[in-house]
Each structure stands twice: as structure tokens, then as C-alpha cells.
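**Student:** Here it is: the structure, laid out below.
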Amino acid sequence: MENTAVSEAALRASIVERLNAIHVDITDMSGGCGQAFSTLIVSPDFAGKNSLKRHRLVNSALKEEIAAIHA
């Protein structure tokens, strides 16, 4: 079985790069196995967007990571 865990550092790098984030807080909610994260993202890309549009933007930007987390 291959390891599909996503590291906090890799997730942070993807968020900063793909969402132009200026602040990112990540908490591994899975006890260190990389299968559940809570995030706080501040990005100018979110300006003028409601909560649903922000969530869709994040989900689109992190689709590969989300697939690995949910594998």
C-alpha cells in the first residue's frame, strides 16, 4: 500500500503558490498521519467572494492534495 499522506509543509507550499496566500495556519487534526487538516488562509484572491466561492477556489486549487487526503 502506498503512502498517500500529505505533509503540512507541502500543503502550505501549495496554498501559498496557488492561492497567493499572505497568511496560512495549518493544524494536522489526524494526530500526525496527514489525513485531516484544518486551515486558515488569508489571500487577496478571496476579496469580494462569499464563503462558498472561497471554498470552491480552495477546493479547485488543492484538488490533488484533497484527493490524496481522502484516499
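The values are calculated or read from the model by the stated rules, or taken from the named source; none is laboratory data. Nothing here was measured: the structure is a model prediction, and the numbers come from that model. Note that we place each Cβ from the backbone using ideal geometry, even for glycine, and neighbour counts take in every protein chain shown.
**Student:** Please list, ordered by residue number, the helices (runs of 4 or more DSSP H) wholly in the chain having 2 or more residues that are modelled with pLDDT under 95 and out of contact with any helix residue (DSSP H, G or I) (no Cβ under 7 Å at 6 or more places or on another chain).
**Tutor:** 8-19, 63-69
**Student:** Checking Arg12 against (1) touching a residue at least 40 places away in the same chain (Cβ under 8 Å); (2) surrounded by 15 or more Cβ atoms within 10 Å (Cβ to Cβ), only one condition comes out false. Which one?
**Tutor:** In the conditions (1) touching a residue at least 40 places away in the same chain (Cβ under 8 Å); (2) surrounded by 15 or more Cβ atoms within 10 Å (Cβ to Cβ), Arg12 misses (1) alone.
**Student:** Just checking, which of Leu57, Leu19 is of a type in the set (A, V, I, L, M) and closer than 22 Å to Ala5 by Cβ?
**Tutor:** Leu19
**Student:** Would you pick out the residues in the range 23-32 that are over 18 Å from Ile69 (Cα atoms) and surrounded by 11 or more Cβ atoms within 10 Å (Cβ to Cβ)?
**Tutor:** Val24, the sole residue that qualifies.
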